[in-house]
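So the structure is just underneath, and the comments pick up after that.
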2 protein chains.
Amino acid sequence: MAELGENLAQTIAKAAKAAFEASQLIASSERVTALQEIRKELDAAKDAILAANRIDLQVLAAQKEVDAGRMSGSLLKRLDLTKGDKWDSMLQGVTDVAELPDPTGVVSYANELDDGLELYRVSCPIGVLLVIFEARPEVVVNIAALAIKSGNAVILKGGKESNETSRLLSHAIQTALSKTAIPSTYIQTIQTRAEVSALLSLDKYIDLVIPRGSNALVSNIQNNTRIPVMGHADGLCSVYIDALADVKKAVRVAVDSKVQTDYPAACNAAETLILHESVLSTIWPEVAKTLLAADVKLLCDEPSLAALSALSPALPNHSSHVEPATPNAYSTEHLSLTLSVKTLPSLGAAIQWINAHSSHHTESIVTEDERAASTFCRGVDSAGTFVNASTRFADGFRYGFGTEVGISTGRIHARGPVGLEGLVTYKYMMRSKGAQGHVVGEFGVGEGKRQYKHKKFAASSVPF
Amino acid sequence: MAELGENLAQTIAKAAKAAFEASQLIASSERVTALQEIRKELDAAKDAILAANRIDLQVLAAQKEVDAGRMSGSLLKRLDLTKGDKWDSMLQGVTDVAELPDPTGVVSYANELDDGLELYRVSCPIGVLLVIFEARPEVVVNIAALAIKSGNAVILKGGKESNETSRLLSHAIQTALSKTAIPSTYIQTIQTRAEVSALLSLDKYIDLVIPRGSNALVSNIQNNTRIPVMGHADGLCSVYIDALADVKKAVRVAVDSKVQTDYPAACNAAETLILHESVLSTIWPEVAKTLLAADVKLLCDEPSLAALSALSPALPNHSSHVEPATPNAYSTEHLSLTLSVKTLPSLGAAIQWINAHSSHHTESIVTEDERAASTFCRGVDSAGTFVNASTRFADGFRYGFGTEVGISTGRIHARGPVGLEGLVTYKYMMRSKGAQGHVVGEFGVGEGKRQYKHKKFAASSVPF
């Protein structure tokens with residue numbers, strides 16, 4: 001069984017690498033054509049795909065009763081492709097990605113090393129991606145679109161709850177690709193964990209793993225492969241209310257960072273509110289009142305707890321929603337309407353505390369003090385450092401990337417929300433136009449030796 | 001013992017992270033001052049450092065006799081700091097790095113998301129680097145200079161052969177730093193493998209590992225850490241002589257790629273020569289003659305072997321230097337004046353063969369055919385793809401980067417020769433200048449909701 005998984009994984013990985021290599025010689029306009037074909041094919045297969053989605057939903061609903069409510073309704077909601085405008089926006093997403101600028105072929109460095117010897121650094125795809133995700137089946141289509149646009153082959157593994165839907169979605173994608181110059185093995189889907197395990201050891205064929213899902217999923221992958229992993233295990237974001245904060249901004253930013261969009265499990269939601277001690281009796285009560293009224297549970301340290309106790313009659317939900325924080329409150333991603341509160345004596349202490357406790361995702365300061373803002377943005381070592389703005393802005397669409405592959409809390413390659421640009425790397429192309437070609441032995445010190453010219457020049461594409 | 005190593009590693013790693021975080025609030029001009037101080041301090045400590053270097057050399061020389069010549073004279077040469085202009089060029093290197101443009105604080109994306117809401121993507125250091133290298137003690141100084149210039153803290157582990165020299169070099173560096181605003185724990189040195197092992201598990205504090213050395217060293221590190229690793233295990237480069245190659249260019253490029261600078265173990269040296277079958281009786285004999293005259297040993301496949309046999313009287317060293325290739329010749333980094341030769345029927349076959357056998361470092365085509373050049377450069381999936389130029393150009397200095405950290409055969413973060421730019425990442429800074437700050441809840445569809453403006457603008461630095 002394990003061996004079967006390994007053989008299958010080898011076959012899939014080799015086919016993906018071969019498809020990637022073959023695609024390097026296909027014009028990038030073909031990739032846009034392929035995306036248009038995919039949209040058409042999905043449209044044509046809509047009834048069959050939604051029927052498969054209903055089967056997945058029924059299985060999950062039956063499973064849910066067996067598990068006596070262990071699975072939440074939100075899982076059913078995320079799985080359901082007929083919900084709202086999900087289907088249409090999935091199709092529109094394919095068109096949107098097709099219309100984004102081509103991230104490949106962009107020259108970021110051009111240097112004339114010698115007369116007739118030109119060096120170009122040009123963006124190109126990474127190779128073969130392995131993307132592992134949970135629940136939402138439309139991710140198959142999103143990721144396939146991003147991979148094709150950026151020129152990468154991809155192997156996809158969705159959650160087992162959406163197996164039937166994912167199978168039909170990938171079938172439609174492969175059917176569409178078979179009508180184009182892109183090999184149909186460019187996008188492949190696998191269904192078992194055994195295959196994932198086997199693929200994680202194939203660093204000869206797979207170049208990047210992108211896990212999207214729970215902390216446990218991401219950590220498990222990071223611990224079991226030498227292939228680079230891009231993503232985030234935790235989203236422990238924080239909002240710091242500075243001594244010189246404006247009370248209205250503090251209330252708005254704190255509440256939006258936690259409560260916005262009814263989805264407190266989002267990775268860009270704040271898990272911790274940090275208070276400068278001088279705002280305990282001024283701004284903090286106003287912020288707490290609004291958070292409590294929005295049904296947020298507050299896990300407070302002693303000073304912030306004491307400040308609220310004094311005002312308890314005026315605070316909604318005080319008895320049910322305010323509790324002392326346990327020591328691990330500050331390292332927990334609550335994934336719910338729960339917020340840990342910490343009081344600190346200075347901006348410097350807040351920066352140190354954030355660097356030690358946050359997951360380096362996104363942190364925001366509320367302040368009217370330009371110097372404090374600058375110090376916070378430079379001193380806090382996170383992918384996003386914001387001033388008077390909600391942490392929920394940390395998102396590829398909101399950043400203006402059109403769409404996102406995921407959010408990275410790593411520092412290597414891509415950091416923060418990752419758009420198409422995060423799916424490319426670069427290579428160096430060099431051409432000698434010299435009558436005898438160019439060799440290194442001609443350069444150096446001594447008689448008759450040449451010196452490097454190293455003259456940068458502007459180039460928008462490689463001319464050969 | 002192992003536990004002691006772990007405790008020490010924890011202390012060192014925490015100190016490095018703290019030094020990195022503290023340095024984020026220090027002006028980058030201070031980093032230039034620190035480099036100037038380091039040069040002064042090294043100059044002042046020159047006699048002591050060279051005395052330590054003599055001790056290392058004596059120990060190694062004694063060891064060498066014990067090992068009955070197992071260690072090569074080249075190791076002694078690489079260890080010797082008094083050799084040629086090594087000392088002076090080490091000091092000049094510090095000044096050169098100080099004078100390079102600051103790689104941090106560079107804005108690569110600026111977008112006005114809404115009136116008064118500005119987003120900046122700005123380059124910043126990665127954090128804490130762990131650099132592991134062999135033999136050459138001056139690497140301590142090179143890497144320290146690059147780390148300081150780019151704003152990263154670094155932990156260094158040199159080869160045990162240069163322990164005494166490295167210890168004094170780092171002492172001088174720390175003494176210099178203690179006179180500046182940069183913490184002296186910014187550059188730390190460790191001496192044992194147990195410490196390295198312990199550090200490789202501390203992904204909370206260490207952000208990037210850069211191994212420089214043998215294939216075994218690099219592979220071992222890649223297999224034993226979840227921290228990202230930047231470097232190359234193999235340098236299996238190749239030169240492909242196309243059907244439409246110019247004979248003079250073919251000879252020059254093939255010979256320079258293999259023989260140049262008397263250092264055939266360099267990672268950018270060619271290990272394989274690929275021949276289009278149509279050049280077997282035309283260009284190949286000329287190339288072989290020059291290679292054999294330069295003392296290169298040729299491991300040939302059947303067609304290339306047969307082509308030479310017919311001409312053997314006219315070829316120097318034919319009987320001693322020409323052999324049939326074994327199957328593993330094409331996956332071996334010879335590290336010597338040995339070259340494997342492979343004959344293939346087409347450009348397409350050559351591209352496929354390179355993608356399957358090379359280490360994706362650097363490959364060169366010799367051709368007068370523009371289309372073949374373009375196909376080769378796009379189809380070959382390596383960090384460098386060259387036309388009529390020696391593979392030995394793959395080098396940070398030759399590329400115009402001033403200096404290099406190493407060469408990466410990975411595709412993530414940095415690829416090919418890595419200069420200072422490879423030691424930075426970026427973060428997103430966002431500032432709301434709105435009267436009430438900015439929250440996500442104001443945006444969306446429906447009455448009174450705002451739409452994102454997403455207006456890119458030019459910015460050379462973050463204005464706050």
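The values are calculated or read from the model by the stated rules, or taken from the named source; none is laboratory data. It should be emphasised that the depicted structure is a prediction, and the values quoted were computed from it without experimental measurement. No Cβ is skipped: glycine too gets one built from the backbone with ideal geometry, and neighbour counts run over all protein chains shown. When the accessible area is computed, the model is the full protein with side chains, heavy atoms only, and any ligands, DNA or RNA have been set aside. Shrake-Rupley method; radii C 1.70, N 1.55, O 1.52, S 1.80 Å.
Would you mind checking which residues have amide H under 5 Å from A:Val322's amide H? H placed 1.01 Å from N; only 5 or more apart, or other chain.
A:Leu298
In square angstrom and rounded to 100, what buried accessible area do you get between chains B and A, total over both, with the probe at 1.4 Å?
Counting protein atoms only, the buried area is about 7300 Å².
Computed FRET efficiency, Cβ-Cβ of A:Val247 and B:Ala459, R0 45 Å: what is it to the nearest 0.05?
Step by step, r from the Cβ atoms, then E = 0.90.
Taking only DSSP H segments of four or more residues, each worth -39500 (n - 2.57), what value at 222 nm results for chain B once the sum is divided by all its residues, to the nearest 500 deg cm²/dmol?
Theoretical 222 nm ellipticity from helices: -12000 deg cm²/dmol.
For A:Ala270, which sequence-distant residues (separation of 5 or more, or a different chain) have an amide H within less than 5 Å of its own amide H, given hydrogens modelled in the peptide plane?
When sequence neighbours closer than 5 places are left aside, the close amide H contacts are A:Lys258.
When chain A is turned about an axis onto chain B, which of its residues keeps its C-beta closest to that axis, and how many Å is it?
A:His413, 2
In whole Å, what is the distance between the alpha-carbon centres of segment B:374-452 and segment A:7-30?
Cα centroid of segment B:374-452 versus Cα centroid of segment A:7-30: 24 Å apart.
Copy-to-copy spacing for A:Pro101, label 7 Å out on the Cα-to-C-beta vector, in nm, shortest first?
1.8
Pop a pseudo-label 7 angstrom from the Cα along the beta-carbon direction at both B:Ala48 and B:Thr11 and give the gap in nm to one decimal.
Placing both labels 7 Å beyond Cα along the Cβ direction yields 2.1 nm.
Which of the three applies to the protein assembly as shown, rounded, prolate or oblate, going by the alpha-carbon gyration tensor with a ≥ b ≥ c and a/c under 1.5 meaning rounded?
Oblate is the answer for the protein assembly as shown, as a/c is 1.5 or above yet b/c matches or exceeds a/b.
Of A:Val439, B:Ile210, B:Ala144, which is farthest on the positive side of the dipole of the protein assembly as shown, counting Cα position, with +1 on Lys and Arg Cβ, -1 on Asp and Glu Cβ, and the Cα centre as origin?
Projecting each Cα onto the dipole axis, the largest value belongs to A:Val439.
What is the angle, in °, between the Cα long axis of helix A:284-293 and the longest principal axis of the Cα atoms in chain A? Nearest 10 is fine, range 0 to 90.
So the helix axis and the longest Cα principal axis differ by about 80 degrees.
Rounded, prolate or oblate for segment B:338-404? Axes are the square roots of the Cα gyration tensor eigenvalues, ordered a ≥ b ≥ c, and the cut-off for rounded is a/c under 1.5.
Prolate.
Please compute the contact order of segment B:63-188 in relative form: average sequence separation of alpha-carbon pairs under 8 Å and at least six residues apart, divided by the residue count, as a percent.
So the answer I get is 21 percent.
Explain nothing, just compute: Karplus ³J(HN,Hα) = 6.51 cos²θ - 1.76 cosθ + 1.60, θ = phi - 60°, for every residue of segment A:180-187 in order, whole Hz, x for Gly and Pro.
Using θ = phi - 60°, the values come out as 10, 7, 7, x, 6, 7, 4, 10 Hz.
Give the residue list of chymotrypsin sites (Phe, Trp or Tyr not before Pro) in segment A:371-406 that are DSSP loop and have at most 16 other beta-carbon atoms within 10 angstrom.
A:Phe397
Sketch the reach of a paramagnetic label on A:Lys179 as a point 7 Å from Cα along Cα-to-Cβ, and name the residues of segment A:84-107 whose backbone nitrogen lies under 11 Å away.
Taking a point 7 Å out along Cα→Cβ of A:Lys179, no residue of segment A:84-107 has its backbone N under 11 Å.
Summarise the partner chain shielding of A:114-126 as one whole number: the mean count of Cβ atoms from other chains within 10 Å of each residue's Cβ.
So the per-residue partner count for this stretch is 3.
Roughly how many nanometres apart are two label points built 7 Å out from the Cα toward the Cβ at B:Ser108 and B:Thr192?
4.0
Using a 1.4 Å probe on the protein heavy atoms, what percent of the accessible area of chain A belongs to carbon and sulfur?
Carbon and sulfur together cover 52 percent of it.
Treating only the Cβ of Lys, Arg, Asp and Glu as charged (+1, +1, -1, -1), what charge dipole size does segment B:117-216 show about its Cα centre? Round to the nearest 20 debye.
Around 80 debye, computed over segment B:117-216.
Please compute, for peptide B:394-407, the average count of beta-carbon atoms on other protein chains lying within 10 Å of each residue's beta-carbon.
3
Can you run phi through the Karplus equation (6.51, -1.76, 1.60; θ = phi - 60°) for segment A:215-229 and list ³J(HN,Hα) in whole Hz, with x for Gly and Pro?
Here the 3J(HN,Hα) series is 3, 4, 4, 5, 4, 4, 5, 4, 7, 10, 7, 9, 6, x, 10 Hz.
What dipole magnitude, in Debye to the nearest 20, does the protein assembly as shown give about its Cα centre under +1 on Lys/Arg Cβ and -1 on Asp/Glu Cβ?
The dipole of the protein assembly as shown has a size of about 260 debye.
Rank by packing, highest mean first: peptides A:209-215, A:110-116, with packing defined as the count of other Cβ atoms within 10 Å averaged across residues.
My ranking of the peptides, most packed first, is A:209-215, A:110-116.
With charges only on Cβ, +1 for K and R and -1 for D and E, what is the dipole size of chain A about its Cα centre, in debye, rounded to 20?
It comes to approximately 840 debye.
Is chain A rounded, prolate or oblate when judged by the Cα gyration tensor, a ≥ b ≥ c being the square roots of its eigenvalues, rounded requiring a/c under 1.5 and prolate requiring a/b larger than b/c?
oblate
Take the residue pairs A:Lys149/A:Lys427; B:Lys46/B:Lys179; A:Lys433/A:Lys453; B:Lys297/B:Lys342; B:Lys17/B:Lys157; A:Lys249/B:Lys455 and return only those whose Cα atoms are more than 21 Å apart.
A:Lys249/B:Lys455
Amide H neighbours of B:Cys124 under 5 Å, counting only residues 5+ apart in sequence or on other chains, H built in-plane at 1.01 Å?
Amide H neighbours of B:Cys124, under 5 Å, 5+ apart: B:Gly105, B:Thr425, B:Tyr426, B:Lys427.
So, for the protein assembly as shown, what is the accessible surface per residue at a probe of 1.4 Å, expressed in square angstrom?
Per-residue accessible area for the protein assembly as shown comes out at 39 Å².
When only Cα pairs under 8 Å and 6 or more residues apart are kept, what is the percent relative contact order across segment B:387-464?
In percent, rounded to a whole number, it is 15.
Can you work out ³J(HN,Hα) from phi for every residue in segment A:351-361, in order, using Karplus 6.51 cos²θ - 1.76 cosθ + 1.60 and θ = phi - 60°, giving whole Hz and x for Gly and Pro?
Once θ is set to phi - 60°, the couplings for segment A:351-361 become 4, 4, 5, 4, 4, 7, 10, 7, 9, 6, 8 Hz.
First measure r as the distance between the Cβ atoms of A:Ala306 and B:Lys433, then evaluate 1/(1 + (r/R0)^6) with R0 = 41 Å and state the FRET efficiency to the nearest 0.05.
The computed FRET efficiency comes out at 0.70.
Straight-line reach only, C-alpha to C-alpha below 19 angstrom: list the aspartates and glutamates that A:Lys456 could link to, leaving out same-chain residues fewer than 8 apart.
Candidates past the 8-residue exclusion: A:Glu112, A:Asp114, A:Asp115, A:Glu118, B:Asp96, B:Glu99, B:Asp102, B:Asp395, B:Glu404, B:Glu421.
What are the distances, in nm and sorted shortest first, from the label point of B:Lys453 to the label points of the same position in each other copy, with each label point placed 7 Å from Cα along the Cα-to-Cβ direction?
With the label placed 7 Å along Cα→Cβ, B:Lys453 yields 4.5 nm.
Taking a label point 7 Å out from Cα toward Cβ, give me the nm distances from A:Gly116 to the same spot in the other copies, shortest first, one decimal.
6.2
Projecting each Cα onto the charge dipole of segment A:13-157 (Lys/Arg +1, Asp/Glu -1 at the beta carbon, about the Cα centre), which of A:Ala51, A:Ala15, A:Gly116 comes out farthest on the positive side?
Going by the charge dipole, the pick is A:Ala51.
Taking R0 as 22 Å, what FRET efficiency do you get between B:Ser214 and B:Gln63 from their Cβ-Cβ distance, rounded to the nearest 0.05?
The computed FRET efficiency comes out at 0.75.
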